[in-house]
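Just below is one structure, and these are the notes that go with it.
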Amino acid sequence: MNISTDNSAEQIENNRSIQKQRETFIASLSHDLKNPTIAQIRALELILKGNFGKVAPEQREIMEMVLDSCKYMNAMLCSVLATYKNEEGTINLKSEEVSIADLALECTDEMTYLAKDKNVTIRLENSAQKETVWGDIVQIRRVIMNLLSNSIKYAYSDSELKVFVYNENNYTCFRFENHSPYLPIDKQHKIFARYVSFSKTHSGIGLGLYTSKKIIEAHGGIMFVKSFPDERNIFGFKLPNDEKYKDINRSVTF
């Protein structure tokens with residue numbers, strides 16, 4: 001008997017079992033989170049309609065932002081469930097015209113209060129002449145939210161977060177620049193790998209950047225990172241804005 005071969009086969013089977021348990025857990029958790037999320041959406045809609053009394057303008061602004069966030073969360077949960085219903089974990093991407101500038105504005109507004117908690121100032125600059133791309137708005141928004149969340153989470157307190165939307169050749173681009181710990185070259189090459197996280201102070205399982213890269217590449221785009229010794233860090237993506245991508249059927253497998 002070849003013990004080495006038997007051990008390898010057993011290890012492979014154990015890995016498959018662990019992966020299946022992980023996928024089942026994520027799918028179950030996503031399903032369980034859908035009901036309270038829908039309940040929050042309905043409650044907020046009733047409040048904003050005035051069913052429980054008059055809503056002050058400053059309250060309305062915050063509640064509308066929370067409502068948008070809940071709707072986004074619900075769309076994401078639906079997407080996750082759809083992924084795990086497919087045995088290969090594949091999402092078929094929708095193709096619609098998406099304004100990166102509009103998404104950047106919506107997402108930065110939504111992140112304002114998270115940034116205020118660290119006294120991080122967000123500055124958005126849009127110099128794009130062509131703001132739109134063709135793709136799945138839920139998945140692209142997912143990438144922008146993940147990038148912004150990371151940019152605030154790792155940024156130094158009392159610093160500025162710069163967000164840029166711009167054109168480069170035939171791409172519409174999104175990137176942020178913050179001041180946070182320097183990321184050496186070797187780690188820059190690994191940062192988009194599955195289950196990789198270099199943070200010792202923040203919780204996480206290292207899937208955000210991995211899934212973001214998969215989504216952007218499925219759209220024919222490019223993810224990038226640059227880190228400088230002066231602790232200036234840049235993360236972002238480029239998406240093709242050519243209309244020929246309008247009718248292409250695309251999917252992403254996680």
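The values are calculated or read from the model by the stated rules, or taken from the named source; none is laboratory data. Being a predicted model, the structure only gives us computed values, none of them experimental. Using ideal geometry, Cβ is built from the backbone for each residue, glycine included, and neighbour counts are taken over all protein chains shown.
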Checking Trp134 against (1) in contact with a Phe, Trp or Tyr (Cβ under 7 Å, 6 or more places away or on another chain); (2) modelled with pLDDT under 90, the condition it does not meet: (2)
Ile91 vs (1) closer than 30 Å to Ile248 by Cβ; (2) surrounded by fewer than 15 Cβ atoms within 10 Å (Cβ to Cβ): all pass except (2)
One residue is enough: does the stretch 97-109 have a residue meeting the conditions of a type outside the set (Gly, Ala, Ser), assigned by TED's automatic domain parsing to the domain that holds Phe228 and assigned to a loop (DSSP other than H, G, I, E, B)? no
Sort out which residues of the stretch 218-252 are exposed (fewer than 15 other Cβ atoms within 10 Å of the Cβ), under 26 Å from Thr132 (Cβ atoms) and touching a residue at least 12 places away in the same chain (Cβ under 8 Å), and write them in order of number. Lys226, Asp242, Glu243, Lys246, Asp247, Ile248, Asn249, Ser251
When every residue in the stretch 110-135 that is small (Gly, Ala, Ser) and not in a strand (DSSP E or B) is compared, the one nearest to Glu243 (Cα to Cα) is Ala128
Set Tyr72, Tyr84: member being modelled with pLDDT under 85 and under 24 Å from Phe164 (Cα atoms): Tyr72
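A quick yes/no check of all residues on (1) closer than 21 Å to Asn119 by Cβ; (2) of a type outside the set (D, E, K, R); (3) at pLDDT below 90; (4) within 12 Å of the chain's Cα centre (by Cα):
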{"site": "Ile140", "(1), (2), (3), (4)": "no, yes, no, yes"}
{"site": "Leu147", "(1), (2), (3), (4)": "yes, yes, no, yes"}
{"site": "Ser151", "(1), (2), (3), (4)": "yes, yes, no, yes"}
{"site": "Glu160", "(1), (2), (3), (4)": "yes, no, no, no"}
{"site": "Tyr182", "(1), (2), (3), (4)": "no, yes, no, no"}
{"site": "Lys187", "(1), (2), (3), (4)": "no, no, yes, no"}
{"site": "Tyr195", "(1), (2), (3), (4)": "no, yes, yes, no"}
{"site": "Ser203", "(1), (2), (3), (4)": "no, yes, yes, no"}
Of all the residues that make up the stretch 40-51, how many are at pLDDT below 85 and loosely packed, with under 12 Cβ neighbours inside 10 Å? 1
